[in-house]
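Scroll down for the structure; my scribbles are underneath it.
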Amino acid sequence: MDLGISPYDSIEIHKSGNGKELKVESTLAKHTLAYSPIITNIIPKFKVNVNKPFRGIPSTSFNDDDYQVLIPNEMDSQLDAFSDDESENEIFPETPKKRIEKEEITIIKPVQVLVKLRSLSINGIEFGTKSEIRSSCVIPSALNTDGKEEEDSLFISLKSGFVLLIRLYFVPRQYMDSDYTFQTNSTVKHTGNSIFKPFVLQWWETSLSSDDISLTDSGFSLHSHKSGLAAVSTSASGMFRIYNLQVSNSGTIPKKHHNVKVDGLLLHSCFVEPINGKDDDHVGFFTLAFTKFRRLVIHLITWSIVQDMSKSFKSTTLPLYNSFNIPIFVVPVRNGFLFVNKENMVIVSIHNILSADYDFITKESPWLTHEEFPTSYYKSMDSTDDSYEVIFISTDAGNIYSVIVEDGGFTSVKPIAKIPEPISVFSFEKVHEGFNVIYSCDNGGSKNLLMKLPLELKDGLDFQYTDAKLIRDNKNWAPLLDVSIIKSNTSTIYNSISDQELWGISGSVKRSKINFFKYGYPAIRTSDTYEILRKADKLFYIEISRRKYILCSFPYRSVLIEYQHNIKEAFTELSDARIITGPTIFADTCVFDDVDYLIQVSANEVLLSSLTEETKRQTVENKIFYCDRVQNYLLLVVESPHSGGMQLEIYKIKGGDTLFDEGADIIEKIHSRILNFEPSTAKFLDIGSSFILAVGSFSGSLLLFRFLEDNIYPPIEIDLSSLNPYYDNSFIGEDLVIPHDICFYDNKVLVGSKDGYSITLAVDGSLGTVCEAFLKIGTSPVTYSKSRTDTQLIFMHCRYIWLLNLYESRFPRRVHFDETYERSVFDMVEISIYKSTDTSSKYFAVIRDDGLSVCSISTFAGPCVRQVSLPELAIKLNYLDYLSVFIILCKTKNSKNRLKFFDRKSLKLINHQESSIKNREDKELSLFSKNEDPVSSCVWSIFRNDHLSKKVLIGCRVEVGDSVKGSMKLLDIAKGMADETRIVSVKQLTSFEVDNPISNIVQINNSILFASKNNIYFLTYDAQGKRLKPVSTLASFPSEIMDLNVYDNKRVVVTTNLDSVYQLDYSETDGKASLEYIVNDPFPNNYISQARLNSKIVVGDRLHSSIATIEFEKERYVSKTWFHVPSMPRVFEANFKCIWVTGSDLNRSVLTIGVNGEIGYVRDLDKTSEEYQSLMQKLKVRGSIEEEVKKLDRPFFNKVSGTGLLSLNKPIFDYKGNEGKFIDYDLEEISKVCSISFSI
């Protein structure tokens, strides 16, 4: 079957592109699950004023015509012809003093900012942008009109054609740019949940094209002057744009920009280092251009930041000789520029440029001896010595060199640090303990290290790694080479939010890693583990005189330990503390007359203690089973002295001066009530207008008693078991839902059951209830821990920790520890940490199966990646479900290491032993020849002798002289033992050769289809003859096959390199197989992969970094919709739907994977579905959601520049071609009202 000719002649030209428009009943939903982890810029100390009001720049001047022209008129913008008009300095007149609302004080705090490929990480919290970030720089702080130092600003450019001026605001996390009420306030009201959040103050559109950036579009490279009063945005060729900046009480404000023409490609550019510090009124800008005459030319432009540019603008040009090497990068130094090459370093002074003096100072590069390549440089932000400059230069071998420049020459060049990975970008700042080093490698790790002083390496052939303390591991999973989507284990399905798992391999050279991706709340252990307390079953947090204590209760005793923050040995046991030493039922902190006391309740005693001196005990007549406290009331569930059952008792905690008098009681009974059932738990809930006694029963009911004016009113009973939606599911259904813990928030009652349910009940004023959620999160008892400092955060544990983050969703998400092994959690209690500018994480004391430790849990959801290093370069990954093992195909010189096996449960590599059916005893046998590399694999399942037999096919690439061939191997892989060690046995059953490498292998029915260059071949097994049948060719295509998939054991979909995506039907008659052509995309494209989405085919385009959804109807091509994505996407059919959400439309989804590490999904969302209608209702939409989103662009209509206070991910900042193509769940306006419906 030859498909070399496509039916292009039947397509009308005017219908190419999107084809004819159809009325659709569904739309696409798109969401980013993980932004690319690649770091492009590191700012360790970004200065932010935390005391400024939440407001932006007034937009009055940006209605002027000059600001709404994408490329200003030549006479007004080109610096070779200025007018005498000085009105540009009057564009932002100073606001009259009486109208300025001054802050009481300016409080500057340092913030760590990591600029990534498509996001900003601010103190570890990630904020996504609408497209990739081309360039970024810091506009340093300057003095405002009142003489106060202002904060830094961030200048970034996007590949969608925008330049943005950004400031960070310290505001509550729920603040949005549409919250205009907050913007009218002179100060920000902090409620314990404030974070540093970026907002756009000013924007410029720089591109005339729809999606593609041209060489002449501004934003290729951004630079700022140290004074903070000038910035430059260059294009890749022909021009750069000058922004003179004005600092006012509203912050840094750019004036009207000016374009400067430059001949050639702009290879490097930077500002001249100020000679007299920040106060220099004149600035200089350097460019190194490569002209059409193939010459390197230096341009030095100077101007005044206080005078009219037409009067102060000067330009000097210096052509370089033909043998001058193109530098890897150029570093501005005082009075000159440092050109860094592989072979040498050259200092070109300003004197050299102005006087055309070619006598440059040159020094041989120290990295040349070690065959290293320089990759990046860094200059300290806190340099105070003006007599010399220190430049730190990194290499691809992980070495950091110190280059000291003084008086225009080299003083010292030496290596000072070495890390075990290449460095792409880094920072190197001196701190009290040594040096704080943050580095990132595009294809390796990304870490924050503390290096101790002194730092110096002995020069030799091999440097030793520098001793360093790991501060933070910024996970990097790029480049993401291959992924595998597998089913979750049945035993763990309710310990996760979806029933599928995502695994992948990343890295390059010899630094590969296998990654297990989850989306949730990251957690790290911040202290050592106190193993002696691993059998404690309850934890209570006590704070006495601002000293923090953890009361640990065991089945037979209680222990008090003191906690100290920010040290590894965080716990100290107090043996002489005045506490009840028996098991504790309840403990808390009470305050009387501004003095803190511990109140502790055991089975028959109540204690009030200051821990050191004053102690008061009171015996309770009846045995206590449960206890809880609200304000000065105690709820006790005790054994009834009359009926032998249980009864509720309400006590009031007494205070006053006579509290510790002899004979005085701690608590006084004010009410009691006999219970006619056996309670399973009891909680005292404060609902504002009154108190509620919530009591669970072992019969599966919840009883709510109102407690008002010291009286207990008759209860409202809720049968929880009748609400159970899983009751009819024989796999997980239980007869009774027994309450274990109860929590109240925002007129809702949370009930955690003993068998893993979390139930949400909405409660009205009359205690009527409506069940809003009935979720299965595990099989162990569910316990709640409401945050002390943020009522919107409710933690729960059910063997594992979950977080119900009401800022984000009504559904909880898992908390994932950055550890190799998952450990069971038995109890947890929050520790109050007093930090004014760090509220993004909460600290907990946690009892796990290895002991007591302190962990920090982020309250911002994101990717949680567990990584294990691999010794070889891995290129492909496949899961062998029958062994619970991954097979990893590697590219390495050692042929015995080209297969690796990774155990899914233990997260460890397993040794394997290779053999052949022809050489069973040869233990040194290698399955692959010297020039034979595995490139594809497939599990082949065949029914043989009435049982299912699974074998593994490996497709190979074989280099034979100057030609490239292919081969196929059939392997029998099983687990076994060798020398009392568990291994994987790999036996080759047979192999054969083909003309070209085998790129794809899939199973269809009991047979195999595999792709080799342009052809699809057919392979099957003869069960009677017990042999493989000869390979036959089924189809040929116009170009090389990139992707091959089978759906429903019949439909075959093929993606080719240069032309199209094809759909064919497979049939087999009398052992002969055939492929029948059905339909294809009639327009040639560069597709890399495809996946099915209902009647659509979703394809990834590797040339244009885009995704297309192709609509087919009745086997005919209908239309195609494109949208741009920030990566080279590969697409995979997936089903990562939330296990709690019903609706068949949620099954239809495609996972998008970028080589840069970006992970997202595309879903087909039915407009009649519950999810779509719920979104419309919450957004108060009358028409469609797509039309409602367009309203967000109204402030930008017919403008190419503007000011205000704008969200970083406004739809206008996306690629123009993406408008109206999908519902973007990344938008804050949508994400804040949607529920979890899809998650890894």
Counting only DSSP loop positions in segment 974-1034, the trypsin sites (Lys or Arg not before Pro) whose Cβ has at most 16 other Cβ atoms within 10 Å are 1026
By a straight-distance test (C-alpha under 17 Å), which lysines pair with residue 469 as possible cross-link partners, with residues fewer than eight away in the same chain excluded? 418, 430, 447, 452, 568
How much area per residue is accessible in segment 252-358 when the probe is 1.4 Å and only protein heavy atoms are counted (Å²)? 42
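Restricting the count to DSSP beta bridges whose residues both fall in the chain, what percent are antiparallel, rounded to a multiple of 5? Could the numbers behind the result be given before it?
Working: 402 of 414 bridges.
Antiparallel bridges: around 95 percent, rounded to the nearest 5.
Per-residue counts of other Cβ atoms within 10 Å, averaged by peptide: what ranking do you get for 299-308, 518-527, highest first? Before the final figure, lay out each step's value.
Details: 299-308: 17.6, 518-527: 20.4.
Averaged packing, sorted descending, gives the order 518-527, 299-308.
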Residues with amide H under 5 Å of residue 825's amide H, sequence separation 5 or more or different chain, H placed in the peptide plane at 1.01 Å from N; which? 799, 800
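Take the alpha-carbon positions of segment 725-858, form their convex hull, and give its projected area averaged over all directions (one quarter of the hull surface) in nm². Spell out each step's value before the answer.
Numbers: hull surface 38.5 nm².
Spelled out: convex hull of the Cα atoms, projected over all directions, averaged, 9.6 nm².
Just the number, please: Stokes-Einstein D of segment 275-414 in µm²/s, Kirkwood Rh from C-alpha pairs, 20 °C, 1.002 mPa s. Don't skip to the end; give the middle numbers.
Working: Rh = 16.4 Å.
It comes out at roughly 131 µm²/s.
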Volume per residue, Å³, of the convex hull around the alpha-carbon atoms of the chain? 227
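With +1 on each Lys and Arg Cβ and -1 on each Asp and Glu Cβ, and nothing else charged, work out how big the dipole of segment 997-1052 is about its Cα centre, in Debye to the nearest 20.
Numbers: 6 positive and 4 negative charges, 46 e Å.
Result for segment 997-1052 is approximately 220 debye, rounded to the nearest 20.
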Looking at the square roots a ≥ b ≥ c of the eigenvalues of the Cα gyration tensor of segment 128-264, which shape do they give, rounded for a/c under 1.5, prolate if a/b is larger than b/c, or oblate? oblate
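In terms of the Cα gyration tensor, with a ≥ b ≥ c the square roots of its eigenvalues, is segment 1032-1071 rounded because a/c is under 1.5, prolate because a/b exceeds b/c, or oblate? Provide the component values of the computation, followed by the final result.
Working: a/c = 2.88, a/b = 1.63, b/c = 1.77.
Here segment 1032-1071 falls in the oblate category.
Per-residue ellipticity at 222 nm for the chain, helices alone: DSSP H runs ≥ 4 residues times -39500 (n - 2.57), over residue total, nearest 500 deg cm²/dmol?
-500 deg cm²/dmol
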Of 943, 916, 931, whose Cα points farthest to the positive end of the dipole of segment 897-950 (charges on the beta-carbon: +1 Lys, Arg; -1 Asp, Glu; origin at the Cα centre)? 943
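Please express the shape of segment 1096-1240 as an equivalent ellipsoid: the semi-axes are the square roots of 5 times the eigenvalues of the C-alpha gyration tensor, given largest first in whole angstrom. Write out the running numbers ahead of the final one.
On the way: eigenvalues 123, 88, 52 Å².
Each semi-axis is √(5λ); the values are 25, 21, 16 Å.
Measure off, as a whole percent, the carbon and sulfur share of the 1.4 Å-probe accessible area of the chain, all protein chains present.
Working: 25060 of 53350 Å².
Summing carbon and sulfur atoms, their accessible area is 47 percent of the total for the chain.
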Residue (of 1037, 1008, 1064) at the positive-pole extreme of segment 999-1103, dipole from beta-carbon charges: 1008
Using alpha carbon centroids, what distance separates segment 836-909 and segment 564-579, in Å? 33
How high is the relative contact order of the chain, in percent, counting Cα pairs under 8 Å that sit 6 or more residues apart? 10
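Averaged per residue, what accessible area in Å² does segment 1128-1240 show with a 1.4 Å probe, protein chains only? Write down the numbers at each step before the final one.
On the way: 4390 Å² over 113 residues.
For segment 1128-1240, the solvent-accessible area averages 39 Å² per residue.
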GluC sites (Glu not before Pro) within segment 1009-1115: DSSP coil, no more than 12 neighbouring Cβ in 10 Å: 1115
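If packing is taken as the average number of other Cβ atoms within 10 Å across a peptide's residues, how do 954-967, 213-226 rank, most packed first? All intermediate terms of the calculation are to be shown ahead of the outcome.
Details: 954-967: 16.9, 213-226: 21.0.
Result, highest mean Cβ count within 10 Å first: 213-226, 954-967.
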By average Cβ neighbour count within 10 Å, what is the ranking of 570-578, 546-554 from highest down? 546-554, 570-578
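Express the Stokes-Einstein translational diffusion coefficient of segment 873-972 in µm² s⁻¹, to the nearest whole number, given a Kirkwood radius over alpha-carbon pairs, 10 °C and a viscosity of 1.306 mPa s.
On the way: Rh = 14.7 Å.
The estimated diffusion coefficient comes to 108 µm²/s.
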List the pairs from 548/786; 475/535; 518/896; 475/548; 951/1029 whose alpha-carbon separation is above 22 Å, in the order I gave them. 475/535; 518/896; 475/548
Under the rule a/c < 1.5 gives rounded, and otherwise a/b versus b/c splits prolate from oblate, where does segment 1093-1135 land using the Cα gyration tensor? oblate
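So which chymotrypsin sites (Phe, Trp or Tyr not before Pro) in segment 595-672 pass both tests, a DSSP loop state and at most 16 other Cβ atoms within 10 Å of the Cβ? Display every interim value, and only then the final one.
Numbers: sites: 597, 625, 626, 633, 651, 660; in loops: 660.
Taking segment 595-672 and a limit of 16 other Cβ atoms within 10 Å, the loop chymotrypsin sites (Phe, Trp or Tyr not before Pro) found are 660.
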Centroid-to-centroid separation of segment 623-697 and segment 776-802 [C-alpha atoms, Å]: 25
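The values are calculated or read from the model by the stated rules, or taken from the named source; none is laboratory data. Given the structure is predicted, the values throughout are model-derived calculations rather than measurements. Glycine also receives a Cβ, built like all others from the backbone with ideal geometry; neighbour counts cover every protein chain displayed. SASA here: full protein model, heavy atoms, side chains in, ligands and nucleic acids out. Shrake-Rupley method; radii C 1.70, N 1.55, O 1.52, S 1.80 Å.
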